[in-house]
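Comments concern the structure below.
The values are calculated or read from the model by the stated rules, or taken from the named source; none is laboratory data. Computed from a prediction, not measured in an experiment: that's the story for all the values here. Cβ sites come from the backbone with ideal geometry, for glycine too, and all protein chains shown count toward neighbours. Side chains included, ligands, DNA and RNA excluded: accessible areas come from the protein's heavy atoms. Shrake-Rupley method; radii C 1.70, N 1.55, O 1.52, S 1.80 Å.
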Amino acid sequence: MKEKIESLLSKINGKHVWDDQPVFCFNSDIDWASEDVMTEYFNIVNPLEIKPTLFVTHESAVIEANFQAGKIERGIHPNFLSNSSHGDSFKEIIETVRQFAPESYGFRSHRLFDVTDITHMLKNDYGYQYVSNLGTILQTNIKPILHESGLVHIPIFFEDGTHLYNQLDLNFKKYTDLFTTPGIKIISFHPINFVFNSPNMTFMRQIKDSLTREEYNNISTATIEKLRNREAGIGQTVIDIVQFVKENNYPIMSLNEVYHNLMGA
C-alpha cells in the first residue's frame with residue numbers, strides 16, 4: 001500500500017501536458033435520459049469527434065451501440081440518495097450500475113454525493129481507479145488530486161448546471177482567459193440540457209416538474225422538437241466550446257486517457 005501511494009504521489013507531482021496548456025475532456029452524466037434523447041445527443045456529438053466519457057445510470061441500447069462502435073467510453077453514475085432506483089445500500093447501488101458499464105474504472109456520483117465509505121468501497125472492493133466528483137466554477141490550472149482513498153480525483157472545470165445556476169454568460173468567450181489557461185478542462189454536460197438547449201435553470205425545471213419519472217425516462221423525439229429552446233442556450237454553448245477547442249488545436253482526451261497519461265501507460 002505504502003509503495004503504491006508513494007508511486008501515485010510521484011506521478012501526480014510529475015510533469016504533464018496539462019501543466020503547460022489546456023487539455024479538454026468532454027463528458028456527460030446520463031441521468032436516465034430516454035433513448036430518443038440519447039439518439040439526438042449522438043446525432044449532434046458524434047460528428048464533433050470528441051469521444052466523450054458517459055457516466056451511465058441505466059441500460060441503454062443506444063449507448064451500448066455507440067460504445068461498441070468506439071464512439072464513447074463509459075463510467076458509472078450511481079445514485080446514493082434516498083429513494084434511489086439503483087438500490088437501498090451502497091453495495092447494492094454500486095452493483096446495479098456496474099452492470100451498465102462492466103468495463104468501467106472511473107465514476108462520478110449523482111449530485112456529486114461523496115463519503116469515504118463509498119470511495120473506499122469502489123476502490124478496494126471493485127477496483128475503481130479514478131473519480132470525478134468535485135465541481136468547480138471555471139477553476140484554472142486543474143490537475144489530478146490524490147484522494148485520501150487512493151483514488152485519482154479529476155475535478156470538473158465547466159458543468160452545464162453550475163453555469164446556469166450561477167447565471168454565467170452563455171457566450172463562453174467572455175471567459176476565454178480562463179479557458180486558455182493550463183490545466184485539465186473537463187466540460188461536463190447533461191444530455192437533457194444539451195438536447196433541449198436549456199437557457200436557464202427554470203426552463204429545465206419546468207420540463208422535469210411537468211413529467212412523471214416514467215414520462216421523463218421516455219421523452220420522445222416529438223417532445224424534444226416541441227419544447228427545444230431555439231435561442232441562446234447551454235447546448236449551443238457546449239458546441240461553441242468544442243469548435244473553439246478544435247480551431248485552436250488544443251489537446252482533447254477522454255477521462256480514461258487522462259488517467260493513463262498520468263500513470264504513464
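For the reader, a short list of remarks on this structure follows.
- Backbone N under 16 Å from the T140 label point (7 Å along Cα→Cβ), restricted to the stretch 151-184: 157-158, 173-184
- Linear extension gain, M121 paired with E59, 0.36 nm per residue minus alpha-carbon span: 20.0 nm
- Across the accessible surface of the stretch 54-198, with the other protein chains kept in place and a 1.4 Å probe, carbon and sulfur atoms take up 48 percent.
- T176/H260 FRET efficiency (R0 22 Å; Cβ-Cβ; nearest 0.05): 0.15
- Hydrodynamic estimate: the Kirkwood radius of the stretch 52-124 over Cα pairs, inserted into Stokes-Einstein at 4 °C and 1.567 mPa s, corresponds to D of 104 µm²/s.
- Alpha-carbon Debye profile of the stretch 50-94, log10 I(q)/I(0) at 0.14, 0.20 Å⁻¹: -0.40, -0.67
- Over the chain, relative contact order from alpha-carbon pairs under 8 Å, at least 6 apart, %: 26
- Approximating the spin labels as points 7 Å out from Cα along Cα→Cβ, the I5-to-D209 distance works out to 4.7 nm.
- Equivalent ellipsoid of the stretch 93-239: semi-axes from √(5λ) of the C-alpha gyration tensor, largest first, are 29, 23, 11 Å.
- Restricting the stretch 165-230 to trypsin sites (Lys or Arg not before Pro) in coil, as DSSP defines it, with at most 15 other Cβ within 10 Å: R228, R230
- Within the straight-line cut-off of under 15 Å between alpha carbons, the aspartates and glutamates reachable from K185 are D19, D20, E159, D160, D177, D240, E257, sequence neighbours fewer than 8 places apart in one chain being disregarded.
- Modelled spin-label separation between L112 and N218, with each label point placed 7 Å from Cα along the Cα-to-Cβ direction: 3.4 nm.
- Ranking by accessible area, most exposed first, for S210, S7 with a 1.4 Å probe: S210, S7
- For Q21 and E148, the FRET efficiency from 1/(1 + (r/R0)^6), where r spans their Cβ atoms and R0 equals 41 Å, is about 0.90.
- Ligands, DNA and RNA are left out, and with a 1.4 angstrom probe the accessible area of the chain is 46 Å² per residue.
- Alpha-carbon centroids, the stretch 49-65 and the stretch 225-265: separation in whole Å: 15
- Taking GluC sites (Glu not before Pro) in DSSP loop states with no more than 10 other Cβ atoms inside 10 Å as exposed sites, the chain has its longest site-free stretch at 149-230.
- E225 versus Y250: modelled label distance in nm, points set 7 Å from Cα along the beta carbon direction: 3.5
- Taking 1.306 mPa s as the viscosity and 10 °C as the temperature, the Stokes-Einstein diffusion coefficient of the stretch 152-243 based on its alpha-carbon Kirkwood radius rounds to 111 µm²/s.
- Summary value for the stretch 163-265: 37 percent relative contact order, contacts being C-alpha pairs under 8 angstrom separated by 6+ residues.
- When you filter the chymotrypsin sites (Phe, Trp or Tyr not before Pro) in the stretch 166-210 for DSSP loop state and at most 11 other Cβ atoms inside 10 Å of their Cβ, nothing is left.
- Reference-scaled alpha-carbon Rg (2.2 N^0.38 Å with N residues) for the chain: 0.98
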